[in-house]
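In what follows, a structure is listed as structure tokens, so that the remarks can point back to it.
The values are calculated or read from the model by the stated rules, or taken from the named source; none is laboratory data. Nothing here was measured: the structure is a model prediction, and the numbers come from that model. Cβ atoms come from the backbone with ideal geometry, glycine included; neighbour counts cover every protein chain shown.
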Amino acid sequence: MLKKTLKSIYQLIPFKKNLYEGIKVFGAPSSSFYPYLTFDAVFTVPVQENQAFKIRSHALYIETEIFWKGIFNSWEGQSLALWAKLCEDAEVVVDIGANTGVYSLLTQTLQQSCKVYAFEPIPRVFDKLKKNVTINNYPIHCIKKALSNRTGQQQIFEEAINHSYSATLDSTSSKQLQLVRSTEIETIRLDDFVEQTQLSKIDLLKIDAEGHEVEVLLGYGKYLEEHQPTIFIEIMTEAIAERLTPLFERCNYLYFNINERKKTVTPSKRLTKSEQVNFLLCSKTTAKKLKLV
């Protein structure tokens, strides 16, 4: 009761963002303390010299980390740093499981001419994504659908909280992740989307589907081999890694396991459970550009 009362009082304190921006000049507080220093307001995320985007924090964990530590030193900082380099040459980017849009916003900031498609199926999360795109006046295409192996309607499982970072169409993963709220949402196969949108290629693809990655890639159909985009993908279990492996047999990919805490990108001869969050799948040419080989 006391904790809830103190939290309510804290939320009523005005000008928290201004106060925290002043504190940030002297450096970020410790990692055990700054997660409590939240606020709900729009702030600017510096990316490179003279390049930045705006995002609303909503007092959420990821946005709070980005505010205090910077986009390349927080959350999925190592993945985002690699993604930023790949955006330089990207013409078509697809962000599956976009959430509030960090990857999509970063892409459009660095490559204004790029076509960015951000998929987020959960309505209340989609609204945050859409508003973040609007405050930047970016031409990002926001799509309120999930990618799967069939086009139609499916049940999505998510956390029963105000904002969900975890959601899946996979019922087994939902039990493992304790996702108890279910909602019927629209789904689409990626190959159907490619044909409807008349995309000649996808250069860069991020898949955050919480155990539904195999179905997403099955829905890519023949275009996976034809496009062979650079892929960032979370692999939650060894079983998923085994199911994913045959899908890439006809693709010329190198595999890299990304560890966000250690800030390492380790070559791997095969797909395995992610060390922390993402695997990077790319061509040898791309790996050379990133100085990974």
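When you look at Thr109, is it touching a residue at least 24 places away in the same chain (Cβ under 8 Å), buried (at least 18 other Cβ atoms within 10 Å of the Cβ), under 19 Å from Leu129 (Cβ atoms) and in contact with a Phe, Trp or Tyr (Cβ under 8 Å, 6 or more places away or on another chain), yes or no? Taking the combined requirement at face value, the residue satisfies it. Any residue that is farther than 25 Å from Gly77 by Cα, outside any helix (DSSP H, G or I), in contact (Cβ under 8 Å) with a residue 40 or more places away in the chain and touching a strand residue (DSSP E or B) at 6+ places or on another chain (Cβ under 9 Å) - is there at least one of those in the stretch 260-279? No, that holds for no residue.
Residues checked against (1) of a type outside the set (Val, Ile, Thr); (2) under 14 Å from Leu82 (Cβ atoms); (3) surrounded by 19 or more Cβ atoms within 10 Å (Cβ to Cβ):
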residue	(1), (2), (3)
Glu225	yes, no, no
Glu234	yes, no, yes
Pro246	yes, no, no
Asn257	yes, yes, yes
Arg261	yes, no, no
Thr264	no, yes, no
Leu271	yes, no, yes
Cys282	yes, yes, yes
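Please verify whether the stretch 190-208 includes one or more residues that are among the charged types (D, E, K, R), under 18 Å from the mean Cα position of the chain (by Cα) and not in a loop (DSSP other than H, G, I, E, B). For the stretch 190-208, residues among the charged types (D, E, K, R), under 18 Å from the mean Cα position of the chain (by Cα) and not in a loop (DSSP other than H, G, I, E, B): present.
Taken across the stretch 242-257, residues that are assigned to a strand (DSSP E or B) and either in contact with a helix residue (DSSP H, G or I) (Cβ under 7 Å, 6 or more places away or on another chain) or of a type in the set (D, E, K, R) (or both) do occur, with at least one present. Pairs linking a residue in the stretch 210-223 that is in the same structural domain as Phe193 (by TED's automatic domain parsing) to a residue that is buried (at least 20 other Cβ atoms within 10 Å of the Cβ) and among the acidic types (Asp, Glu), with Cβ atoms under 6 Å and 6 or more positions apart or on different chains, are Gly211/Asp170; His212/Asp170. If I ask for residues that are of a type in the set (Phe, Trp, Tyr) and part of a helix (DSSP H, G or I), which ones from the stretch 111-128 would you list? Phe126 - this is the single residue of the stretch 111-128 that is of a type in the set (Phe, Trp, Tyr) and part of a helix (DSSP H, G or I).
Of the residues contained in the stretch 64-76, none is found to be over 12 Å from the mean Cα position of the chain (by Cα) and within 29 Å of Ile188 (Cβ to Cβ).
So is Ser104 among the polar types (S, T, N, Q), touching a helix residue (DSSP H, G or I) at 6+ places or on another chain (Cβ under 8 Å) and in a helix (DSSP H, G or I) or not? Yes.
Pairing each residue of the stretch 63-87 that is within 12 Å of Ile258 (Cα to Cα) with any residue that is among the polar types (S, T, N, Q), provided the two are 6+ apart or on different chains, yields C-beta distances under 7 Å for Glu76/Asn278; Ser79/Asn278.
Sub-6 Å Cβ pairs linking a first residue in the stretch 170-198 that is in the same structural domain as Val214 (by TED's automatic domain parsing) to a second residue that is at pLDDT 60 or above and part of a helix (DSSP H, G or I), at least 6 apart or interchain, are Asp191/Tyr223; Val194/Tyr223, ordered by first then second residue.
Here Pro46 meets each of (1) free of Cβ contacts under 8 Å to residues at least 60 places away in the same chain; (2) buried (at least 17 other Cβ atoms within 10 Å of the Cβ) with one exception, condition (2). Hey, any hits in the stretch 202-216 for a residue that's out of contact with any strand residue (DSSP E or B) (no Cβ under 9 Å at 6 or more places or on another chain) and surrounded by fewer than 18 Cβ atoms within 10 Å (Cβ to Cβ)? No - not one qualifying residue is present in the stretch 202-216. In this structure, Ala118 does not qualify as surrounded by 20 or more Cβ atoms within 10 Å (Cβ to Cβ), in contact with a Pro (Cβ under 6 Å, 6 or more places away or on another chain) and within 23 Å of Gln196 (Cα to Cα). From the list Ala160, Ala98, the one residue that fits, being in a loop (DSSP other than H, G, I, E, B), modelled with pLDDT under 95 and among the hydrophobic types (A, V, I, L, M, F, W, C), is Ala160. The residues of the stretch 49-93 that are part of a strand (DSSP E or B) and surrounded by fewer than 18 Cβ atoms within 10 Å (Cβ to Cβ), listed by number, are Gln51, Ala52, Lys54, Arg56.
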